[in-house]
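The values are calculated or read from the model by the stated rules, or taken from the named source; none is laboratory data. None of these values were measured; they are calculated from a predicted model. In this analysis, Cβ positions are derived from the backbone assuming ideal geometry, glycine residues included, and neighbour counts consider all displayed protein chains. Please note that ligands, DNA and RNA were not included when accessible areas were found on the heavy atoms of the full protein model with its side chains. Shrake-Rupley method; radii C 1.70, N 1.55, O 1.52, S 1.80 Å.
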Amino acid sequence: MSEYKIETKCLQSGYVPGNGEPRVLPIYQSTTYKYDSSEHLAKLFDLTAPGHMYTRISNPTVDFVEKKIADMEGGVGAMCTSSGQAANLAAIFNIASAGDNFISLSSIYGGTVNLFAVTMKRMGIEVRFVTPDMPDEEIEKLIDDRTRCVFGETIANPALTVFDIERYANLAHKHNMPLIVDNTFATPVLCRPFEFGADIVVHSTTKYMDGHATVVGGVVVDSGKFDWEKTGKYPELTEADESYHGVVYTRDFGNAAYITKARVQLMRDLGLTPQPLAAFLLNEGLDTLSVRMERHCKNALAVAEYLEKHEKIASVSYPKLPSSPDFALAEKYLPDGACGVISFNIEGGREKAMKFMDSLRLAEIVVHVADARTCVLHPASTTHRQLTDKQLVDCGINPGLIRFSVGIENVEDIIADLEQALAQI
Ligand SMILES: *Cc1c(COP(=O)(O)O)cnc(C)c1O
């Protein structure tokens, strides 16, 4: 890990050119690599020599971006994936098999709810949802000897609740499990969950990290701090992998055991691979991430304050508003800001909410969030329409809720747009 501050890491970590080499990360658009001897290649297949073998598993362009993100989060290694969904699947499947279960906060992204509750269930892995108001004793009743990890989102999409990372890290560690945190909305610029005890971080890089609505992607980052051997609970990491001639990840890869296994086993077998060009574009986004986050946070707070005073707005959710029930958590975990996403309810419910959305001119209706351009979405009729009313409520979503993703335009233009749209309802 470099000693630079996060703003510097955004630009300087990862790819560092040598004398006379291209300044900008090159796109290694190649599926294959060439070797001087078949013996060297055999070693790669046995994982006894480092190097690239096939782009489904690793690629130099992707590798440099992984190194940058690992450094930004303060981890020992990272694995980029084709999407945020793929990252969440890999993060959990890496340490859970059929018959196992895991604990997840219920206020998380709707796509993740589907992945956990429907698709992973078909793989024999059971999710046990808990709500933020559940005391530890209640959660502990759901933990048994097949419970493999605890999962939550730093800033929940779209409920915008703030995850009490330290509390859940302590709870997970007490039961010899890692805490996995989806840090998509906060990004490592606003919060680095490893500093609060999280063990694994995941992202949908599609959101702020890319930031320009250009490429879908995800990443899994390993802190290297969880002691898999000590717990005796994770044989997939501490016992021989027969698909690699008896490699033992903890013995052979030390504190990078988790992320190495994720790559050489899950990437190899599931092919959740990002393309080199996608990694290049993501890297361009990362370069400016810290500047964009600063503006997103400043603009969002101004918009939240404006909306809170408006008589046609029933409620506004933004963790940095002193009126937010999560304000204290936001002060602790997100001292520099709580990203650009705001949610609010319009007086008059669903119908007025739709009319309001249709009246916006600058803010565009798109299936996206956390983009440089201001955009807006109605979760109940779109991203979360697969969920039941009960699941909606558990995710913190009212049928009239609007998710407003404040961009980095001039904030006066954004507020003027809201003003004219609210005047029309
Ligand atoms: C968007 C999102 C995902 C899914 O990521 P994709 O890149 O769309 O697959 C997962 N978690 C969170 C918090 C998200 O916002």
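Counting only residues at least eight positions apart within a chain, or on another chain, the lysines with an alpha carbon under 29 Å from that of Lys121 are Lys141, Lys174, Lys207, Lys225, Lys230, Lys233, Lys261, Lys390. Find the centroid of the Cα atoms in the stretch 198-215 and in the stretch 50-105, then give the distance between the two in whole Å. Each part's Cα centre sits 12 Å from the other's. Taking GluC sites (Glu not before Pro) in DSSP loop conformation with at most 13 other Cβ atoms inside 10 Å as exposed sites, the chain has its longest uninterrupted site-free stretch at 4-238. Which FRET efficiency value, to the nearest 0.05, is calculated for Lys5 and Leu277 with the Förster distance at 35 angstrom and r the Cβ-Cβ distance? Taking R0 as 35 Å, the efficiency between Lys5 and Leu277 is 0.75.
Anisotropy class assigned to the stretch 272-363 is oblate, per the alpha carbon gyration tensor with a/c at or over the 1.5 cut-off and a/b no larger than b/c. For the stretch 294-425, the calculated P(r) over all alpha carbon pairs, in 10 Å bins from 0 to the bin holding the longest distance, is 13, 45, 36, 6 percent. For the stretch 123-268, dividing the convex hull volume of the Cα atoms by the residue count gives 132 Å³ per residue. Ranking Val201, Val247, Asn157 by how far each Cα lies toward the positive end of the dipole of the stretch 146-293 (charges on Cβ) leaves Asn157 at the top. When the trypsin sites (Lys or Arg not before Pro) in the stretch 350-397 are filtered for DSSP coil states and for at most 10 other beta-carbon atoms within 10 Å of their beta-carbon, the remaining sites are Arg361.
Which shape class, rounded, prolate or oblate, goes with the stretch 187-260 when its Cα gyration tensor gives a ≥ b ≥ c as root eigenvalues, a/c under 1.5 marks rounded, and past that a/b bigger than b/c marks prolate? It comes out oblate by the Cα gyration axes.
A straight chain from Thr231 to Ser323 at 0.36 nm per residue would run longer than the Cα-Cα distance by 29.0 nm. Note on the stretch 6-285: with neighbouring protein chains present and a 1.4 Å probe, carbon and sulfur make up 53 percent of its accessible heavy-atom surface. Judged by the mean number of other Cβ atoms found within 10 Å, the most tightly packed of the peptides 16-23, 315-322 leads the ranking 315-322, 16-23. Between Met134 and Glu347, the FRET efficiency from the beta-carbon distance, with R0 = 30 Å, is close to 0.45.
Of the listed residues Thr238, Thr31, the order by accessible area with a 1.4 Å probe, largest first, is Thr31, Thr238. Per residue, the chain exposes 42 Å² of accessible surface when a 1.4 Å probe is rolled over the protein heavy atoms with every protein chain present. Each peptide in 48-55, 205-212 gets a packing score, the mean of other Cβ atoms within 10 Å over its residues, and the list from highest to lowest is 205-212, 48-55. The label-point distance for Glu21 and Gln420, in a model that sets each label 7 Å from Cα toward Cβ, rounds to 5.0 nm. Counting only residues at least eight positions apart within a chain, or on another chain, the lysines with an alpha carbon under 25 Å from that of Lys312 are Lys298, Lys320, Lys352, Lys355.
On full extension, the segment bounded by Ser97 and Thr214 gains 38.7 nm, given 0.36 nm per residue less the C-alpha separation.
Give the shape of the stretch 6-285 as rounded, prolate or oblate, defined through the alpha-carbon gyration tensor: a ≥ b ≥ c are the square roots of its eigenvalues, a/c under 1.5 means rounded, and otherwise the shape is prolate if a/b is larger than b/c and oblate if not.
Here the stretch 6-285 falls in the oblate category.
Subtracting the Cα-Cα distance of Phe45 and Glu284 from 0.36 nm times their residue separation leaves 82.8 nm of extension gain. How many percent of the accessible area of the stretch 290-422 is carbon or sulfur, using a 1.4 Å probe? C and S atoms contribute 52 percent here.
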